[in-house]
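Have a look at the structure below, then the notes.
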Amino acid sequence: MYYPFFRGKQFELLAIRESAKVIADAGFTPIIEPVRQTLSGLQRALKELVEEGATAAVIINPRHGDHRNGGDHLAADLREKYADNDAIAPAILLTSEMGLEEALAKIAPYEGRSLTFVHAGFTDGKGLAAKLPSGDFTHVFLDARNILYRRPFRGGRRILVEDGFERKKNADYGPIDRFSDLHVTFEELGGDGYGDFLTIGDHYTEGGGPAYAVAIHLTFIDSEQDDAMFVYHFVSDSNDTPVDPAGKFAQALDKLIREVDREGSKVLNTSAVKEFRDLHDRGHFPGLGFVKKLSIKHHLETLADFQANG
C-alpha cells in the first residue's frame, strides 16, 4: 500500500535496514534509486529486507548520483543477485528525456518478471501502455494528480506519489507545515497505493555546505484534521554562523522534547523518538545524517501505526 521513495544515500539505506521489520510487517514496498557507485550499502539494505520478508523495487536507470549516465553495471548486478527472487523487483524510471523505443528497450530484458515503472515526466504514456506485454506490473506515478496521463495504465497496481516535504533553508522553516493527505485519499484518486519522499523531499543534492541552522523534522497524523499528516520543524536559534553544530542540534532537540512531552501531543512515541530522548539525556550530537535517519524511521513507524490502527 505504501511505497516510500528513497535515494540510496548512506543514512537512507541505514534507515531501511533498521526499519526492515516495520516495513515487512506493514507490507510497505520501498522504491530505491541508487546514487552511490559502491553498492555494498544497498546490498546490505536489500538483504535485511529479504530476511524480514519485505519487498522492494530498485531503479536500474537512476537519474541522480554516480549511476546517472548509465546503470548497466547496476542492472547487471541486480539481475545476477535477484533474478530468481521476486521480493526485489527491477524498476524502470521513465523520464521526459526518454522516448518510447528507449523505454521498450529498457523493459525487454525483464520479460516475464515482476516489474515496476516509475513515471517521472514520460510523455508518451498512451503509446507505452499500448506496447506493454502482459505481466505483473506496478505503475508508480510521481505526479499523483495527473489523471489523464495515468488513465491508459489500467492493468496492474497504480501507486500515487506526492512530495509532501517543502524544502527550504533550515532557518526559514516555520514551526509546522501540512505534509500530505494522500495516505487517506489515494483510493478516491484512483490509486491502489500511495508514496512520498519521506522527510527528505524529492530535491536531490550531492551534499550540503556547513549548516547555519539545524532542523529536525517529525511528521504526525492529526485525527482532528481528517487524519491529514503534518510535519513539525524544530529549528535551532543560533543561526548566524555555521560554528557549533552540536549546540544548534541541542537547541532544536530541546524543542522536540518539549513537544513530545506536551500533554496532548499528537507525535507518536516511536522508536526514533525514544532515540531522540536518549540523545537528549546524554547531551550527544550524532551528526546530521543520523538525525535525518531518525526522522525517516519516525515517518515510517507513524504510517505503519496509522495503517494498523487508523
*Scan the range 10-27 residue by residue and report those that are among the charged types (D, E, K, R), within 14 Å of the chain's Cα centre (by Cα) and surrounded by fewer than 23 Cβ atoms within 10 Å (Cβ to Cβ).*
Arg17
*Residues of the range 28-67 satisfying the condition of being over 29 Å from Leu104 (Cα atoms), surrounded by fewer than 18 Cβ atoms within 10 Å (Cβ to Cβ) and in contact with a helix residue (DSSP H, G or I) (Cβ under 8 Å, 6 or more places away or on another chain)*: Arg44, Glu51, Glu52, Gly53
*asked:* Test of understanding: among Phe153, Phe179, which residue is of a type in the set (Phe, Trp, Tyr), modelled with pLDDT of 90 or more and in contact with a Phe, Trp or Tyr (Cβ under 7 Å, 6 or more places away or on another chain)?
replied: Phe179
*Name, by its number, the condition in (1) under 24 Å from Phe141 (Cα atoms); (2) in contact with a strand residue (DSSP E or B) (Cβ under 9 Å, 6 or more places away or on another chain); (3) part of a helix (DSSP H, G or I) that does not hold for Lys81.*
(1)
_Criterion (at pLDDT 95 or above and surrounded by fewer than 17 Cβ atoms within 10 Å (Cβ to Cβ)) met by exactly one of Asp244, Asp196, Asp192_ = Asp192
*Test result for Leu303, of a type outside the set (Ser, Thr, Tyr), surrounded by 13 or more Cβ atoms within 10 Å (Cβ to Cβ) and touching a residue at least 60 places away in the same chain (Cβ under 8 Å)*: yes
*Scanning for something touching a residue at least 60 places away in the same chain (Cβ under 8 Å), under 22 Å from Asp196 (Cα atoms) and either in contact with a Gly (Cβ under 9 Å, 6 or more places away or on another chain) or among the hydroxyl-bearing types (Ser, Thr, Tyr) (or both), does the range 59-78 turn up at least one residue?*
yes
*Has the range 25-41 got at least one residue that is in a helix (DSSP H, G or I), under 25 Å from Ala144 (Cβ atoms), at pLDDT 95 or above and not basic (Lys, Arg)?*
yes
_Going residue by residue through the range 143-152, is there one that turns out to be within 17 Å of the chain's Cα centre (by Cα), in contact (Cβ under 8 Å) with a residue 40 or more places away in the chain and crowded, with 22+ Cβ neighbours inside 10 Å?_
yes
*State whether one or more residues within the range 114-127 are charged (D, E, K, R) and under 24 Å from the mean Cα position of the chain (by Cα).*
no
*If you take the residues in the range 105-127 that are of a type in the set (Val, Ile, Thr) and under 18 Å from Arg79 (Cα atoms), which one is surrounded by the most Cβ atoms within 10 Å (Cβ to Cβ)?*
Thr116
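The values are calculated or read from the model by the stated rules, or taken from the named source; none is laboratory data. Small disclaimer: the values here were computed from a predicted structure and weren't measured. Here Cβ is always computed from backbone atoms with ideal geometry, including for glycine, and neighbour counts include all displayed protein chains.
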